[in-house]
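Contents: one structure, followed by commentary.
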Amino acid sequence: MKQPFCAPAEALRRVLDAAALLPRPAVETVPLDEACSRVAAVTLPARMDQPPFDRSPLDGYALHSADTLGASRATPITLPVAMKLYAGDAPAAALPMGYAARIMTGAPLPAGADCVLMQELTDSGEETVQLYAALKPQQNVVLRGEDIAAGAVVAAEGTVLTPAHLGVLAGQGYAAVPVYRTLTVGVLATGSELLAPGEPRVPGKIYDANGIQNAARLRQLAALPQVAGQRHHCSDDPAEIVRQMQQLLTCCDAVITSGGVSVGQKDYLPVVLEQLHAEMIFAGVAQKPGSPMLAAKVGGKLVFCLSGNPFAAAATLEQYAVPALLRAAGRCEENCILSRTVRTLTTGFSKASKGNRYLRAKASGGNVTIPGEGNAEVHSSGSLSAMIGCNCLVELPAGSGPVAPGEEVEALCFVQ
């Protein structure tokens with residue numbers, strides 16, 4: 001008896017769990033300049049306090065706060081200047097009581113100094129200085145370790161390294177970091193009707209859009225580069241599909257196919273997976289679009305078989321394949337899944353939803369816009385152009401009626 005389709009939440013849980021059980025990718029060490037968007041393979045701690053010393057955040061004078069008591073423009077206090085410090089200097093001596101140190105932004109405070117008076121509140125003297133304001137201890141001082149303390153975690157294992165992470169790591173003296181090797185994902189579009197882009201047009205044929213789009217989406221994600229030569233298309237010949245799949249599985253960490261998953265006479269992917277001795281993760285998901293999607297493991301590698309309908313393929317790629325592949329690539333789970341936010345519709349959708357439905361949409365601020373101004377035909381699973389500019393899916397649960405502008409809905413934002 002055919003098993004019922006998985007609920008969307010259960011399908012996602014299954015593929016994430018399957019991905020988490022796979023061996024983590026090999027580790028490689030790359031220079032910081034090449035580490036942006038890569039996944040940290042170990043936890044990266046701060047090696048030292050940052051800043052590594054108390055420093056001045058402005059141009060002025062380092063002082064003992066006790067020496068400024070009562071200072072004002074009406075009653076200035078005059079102190080001799082004992083030293084001058086620039087960023088990069090190391091104070092040669094402590095600052096004696098009753099003296100000032102001329103100091104520039106970023107320079108370390110000399111021992112004994114506990115505050116900095118901005119030069120605008122002085123006469124900017126070089127040999128002696130008049131102070132026009134009183135200060136409290138630690139006023140206008142960036143304290144040692146204020147940004148980050150030695151031993152604190154900069155990036156946990158599984159973190160996607162951002163420019164901010166790399167800036168902090170550079171400030172800690174890191175020149176290179178261990179990251180997970182990126183996965184190689186093979187992309188196979190099936191269908192005897194397909195032409196490769198650039199081939200002459202033939203009556204009854206169409207150009208392969210799914211393979212191009214799926215590969216391009218993977219290239220956007222640094223953990224999943226599409227290696228040149230690993231995007232193929234083939235006819236609806238089960239023997240040929242098996243051959244192409246075996247070739248991709250030999251040289252890739254995972255494979256994504258499109259087409260051939262429904263119940264038509266030439267929908268051979270279920271048979272192909274049997275011939276490849278696949279271990280099924282799920283066969284079908286209870287949603288529209290993309291319900292016939294298949295997820296499996298073949299020889300310990302993930303395989304996702306998506307619908308041949310372009311939007312159905314795009315939606316299920318985002319919902320299930322991308323999160324699982326990112327998890328397999330070493331990302332921590334919370335950075336793999338689509339984030340859910342409640343947003344206000346600026347446009348509606350005219351159809352009721354008997355089952356779970358997902359609509360392409362554009363989220364901005366607290367709003368979300370469904371393309372087509374309520375025209376349900378724009379959202380057919382075979383329509384692709386309305387996907388341009390979209391960055392999320394609007395989820396309409398089973399049993400939902402038509403939705404109108406002003407209603408609140410859940411938007412699932414694509415993983416970056």
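The values are calculated or read from the model by the stated rules, or taken from the named source; none is laboratory data. Here the structure is a predicted model, which means the values were calculated and not measured. Here Cβ is always computed from backbone atoms with ideal geometry, including for glycine, and neighbour counts include all displayed protein chains. Protein only, heavy atoms only, side chains kept; ligands, DNA and RNA dropped before computing areas. Shrake-Rupley method; radii C 1.70, N 1.55, O 1.52, S 1.80 Å.
Values computed for the structure shown
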{"quantity": "Rounded to whole Hz, the Karplus (6.51, -1.76, 1.60) HN-Hα couplings of region 139-145, x for glycine and proline", "calculated": "6, 6, 10, 8, 7, 3, x"}
{"quantity": "Extension gain, residue 391 back to residue 206 (0.36 nm per residue minus Cα-Cα distance, nm)", "calculated": "64.0 nm"}
{"quantity": "Reach of residue 362 by Cα under 17 Å, taken over aspartates and glutamates that are not fewer than 8 positions away in the same chain", "calculated": "318, 373, 395, 407, 408, 410"}
{"quantity": "The chain - charge dipole about Cα centre, Lys and Arg +1 at Cβ, Asp and Glu -1, debye rounded to 20", "calculated": "1100"}
{"quantity": "GNM result for the chain, Cα springs below 10 Å: residue of 186, 211, 372 fluctuating most strongly", "calculated": "372"}
{"quantity": "In Hz, Karplus ³J(HN,Hα) per residue of region 193-207 (6.51, -1.76, 1.60; θ = phi - 60°; x = Gly, Pro)", "calculated": "7, 8, 10, 6, x, x, 6, x, 5, 10, x, x, 9, 9, 7"}
{"quantity": "Estimated D of the chain in µm² per second, where Rh is the Kirkwood radius over Cα pairs and Stokes-Einstein applies at 4 °C, 1.567 mPa s", "calculated": "51"}
{"quantity": "Surface accessible to a 1.4 Å probe, residue 407 within the full protein complex, Å²", "calculated": "80"}
{"quantity": "Antiparallel DSSP beta bridges within the chain, as percent of all bridges there, nearest 5", "calculated": "70"}
{"quantity": "Descending semi-axes in Å of region 326-372, equivalent ellipsoid built from Cα gyration tensor", "calculated": "27, 15, 9"}
{"quantity": "Backbone HN-Hα couplings from phi across region 343-348 [Karplus 6.51/-1.76/1.60, Hz, Gly and Pro as x]", "calculated": "9, 9, 5, 9, 9, x"}
{"quantity": "Dipole of the chain [Lys/Arg +1, Asp/Glu -1 at C-beta], most positive-end residue of 79, 187, 416", "calculated": "187"}
{"quantity": "Computed magnitude of the charge dipole of region 79-214 (debye, nearest 20; Cβ of K, R +1, Cβ of D, E -1)", "calculated": "300"}
{"quantity": "Distant-in-sequence amide H partners of residue 113 (H built 1.01 Å from N, under 5 Å)", "calculated": "95"}
{"quantity": "Helix 210-220 vs. the chain, principal-axis angle (Cα, 0 to 90°, nearest 10)", "calculated": "20"}
{"quantity": "Rounded if a/c under 1.5, otherwise prolate or oblate - region 1-124, Cα gyration tensor axes", "calculated": "prolate"}
{"quantity": "Two-site label geometry, residue 240 and residue 81: point separation in nm, points 7 Å out along Cα→Cβ", "calculated": "8.3"}
{"quantity": "Mean ellipticity per residue at 222 nm, deg cm²/dmol - from DSSP H runs of n ≥ 4 across the chain, formula -39500 (n - 2.57)", "calculated": "-5000 deg cm²/dmol"}
{"quantity": "For region 83-182, alpha-carbon Rg over 2.2 N^0.38 Å", "calculated": "1.50"}
{"quantity": "Amide H contacts under 5 Å for residue 38, placed H, 5+ residues apart", "calculated": "161"}
{"quantity": "For residue 257, distant residues with modelled amide H under 5 Å away", "calculated": "188, 304, 305, 306"}
{"quantity": "Sequence-distant aspartates and glutamates (8 or more away, or on other chains) whose Cα lies within less than 12 Å of residue 301", "calculated": "253, 279"}
{"quantity": "Gain in span if fully extended, residue 65 to residue 105, counting 0.36 nm per residue against the direct Cα distance", "calculated": "12.5 nm"}
{"quantity": "Cα-derived Rg to Rh of region 191-335, Kirkwood definition", "calculated": "0.94"}
{"quantity": "Share of carbon and sulfur in the accessible heavy-atom surface of the chain [1.4 Å probe, %]", "calculated": "54"}
{"quantity": "Solvent exposure of the chain as accessible area per residue, Å², 1.4 Å probe", "calculated": "45"}
